[in-house]
1. In whole Hz, with x marking every Gly and Pro, tabulate ³J(HN,Hα) for the range 216-231 from phi via Karplus 6.51 cos²θ - 1.76 cosθ + 1.60, θ = phi - 60°.
2. Roughly what would the spin-label model give for Phe223 and Ser27, points 7 Å off Cα along C-beta, in nm?
3. Can you list the HN-Hα couplings for the range 58-68, worked out from phi with the Karplus curve (6.51, -1.76, 1.60; θ = phi - 60°), rounded to whole Hz and with x for Gly and Pro?
4. Projecting each Cα onto the charge dipole of the range 3-278 (Lys/Arg +1, Asp/Glu -1 at the beta carbon, about the Cα centre), which of Val202, Ile180, Val258 comes out farthest on the positive side?
5. Among Gly88, Gly140, Gly159, whose mean-square fluctuation peaks in a Gaussian network model of the chain (Cα, cutoff 10 Å)?
6. Which FRET efficiency value, to the nearest 0.05, do you get for Leu208 and Ile51 by plugging their Cβ-Cβ distance into 1/(1 + (r/R0)^6) with R0 = 22 Å?
7. Only Lys, Arg, Asp and Glu count, each charged at its Cβ (+1, +1, -1, -1), so figure out the dipole size of the chain about its Cα centre, rounded to 20 debye.
8. Which is the longest run of the chain containing none of the trypsin sites (Lys or Arg not before Pro) found in DSSP loop states (not H, G, I, E, B) with at most 10 other C-beta atoms within 10 Å?
Amino acid sequence: MSSEFKVQSSTSSGASPPPARIPHYLSLYAALWRNSVIREMSFKVSFLMWIVVEALWFVLQLSFIGVLYLHTESIGTWTKWQVVALVGTSHLIQQLFTALFLTNLTALSEHIRTGKLDFMLLLPVNTRFLVSFRQVDLGGFISAAGALCVIGYALHRLGHTPGVAQVAGFFLLVLVGILIHYSLMLMLSASSFWTVRAQGIVWGYYNLFNIARLPDEAFRGPFKAVFTFVLPMLLVSNVPVKLLVDKLGSPFEILLLVALAAIIFAASELLWRTALKRYTSASS
């Protein structure tokens with residue numbers, strides 16, 4: 001049986017091979033982590049330089065906020081240290097997303113173009129899992145730790161100590177925000193099944209992460225509507241911080257964020273299955 005026929009057979013149903021037990025996937029992910037550590041340590045200078053670059057970029061963002069608040073006392077109802085916590089949260093979400101998913105999703109178009117996806121489809125493992133978690137960017141976790149320190153310092157300057165429920169809710173909403181980014185970027189990456197190359201679209205979306213570090217009250221009209229309901233950048237960072245610093249007026253924003261995450265994830269799964277049904281192999 002030719003490899004092309006196998007690929008066609010596995011994709012005709014629009015689904016990957018049947019999922020194995022959760023412990024099997026955990027052990028597989030642990031192996032992927034070990035491979036990532038070995039790879040990163042093989043290029044230590046590059047690894048350290050990237051951390052330094054990310055740290056400098058984060059400092060520049062915080063410096064911009066400092067300069068901005070030399071000329072105003074608040075942005076809407078957001079004070080300086082609340083915005084610092086917002087910038088820290090945006091950076092935290094961005095870096096965790098980068099650590100877990102960015103490299104993998106940006107590589108999907110190359111997997112399709114070069115035929116590597118054919119090999120992945122033949123493996124006895126869920127293809128979406130392998131495409132999404134194949135590599136881990138360890139530097140992202142270090143940058144995320146720095147963001148947590150900034151958030152903690154901002155809370156100290158605010159004189160606010162959040163309760164256990166607030167902290168737990170904050171981290172759960174951060175995970176929801178990462179899920180939204182992952183689902184949206186997977187859909188953009190999956191456009192490679194039709195366009196072959198989609199890196200420009202994917203990186204364009206990644207650059208929109210910058211919007212998430214701004215208070216939602218700074219925006220009005222159609223722009224705010226688009227980045228709240230279509231691409232919920234403003235919700236992703238604003239809602240967790242509002243919960244953490246007691247700015248949340250009602251639970252509606254939390255419910256909206258969670259509902260959008262569920263809808264977008266379901267849409268990404270539907271698009272993924274549709275794309276696999278269309279895919280045959282790199283040689284066809």
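1. Calculated HN-Hα couplings, in order: 5, 6, 7, 10, 9, x, x, 4, 5, 5, 4, 8, 10, 10, 8, 10 Hz.
2. A separation of 5.3 nm, rounded to one decimal place.
3. 3J(HN,Hα) across the range 58-68, in whole Hz: 5, 4, 4, 4, 5, 5, 4, 5, x, 5, 4.
4. Val202
5. Highest fluctuation among the options: Gly159.
6. For R0 = 22 Å, the calculated efficiency reads 0.40.
7. For this selection, approximately 460 debye.
8. 22-219
Computed from the coordinates by the stated procedures, all read-outs in this text should not be read as laboratory data. Since the model is a prediction, treat every value here as computed from it, not as a measurement. A quick note on method: Cβ atoms are made from the backbone with ideal geometry, for glycine too, and the neighbour counts reach across all protein chains shown.
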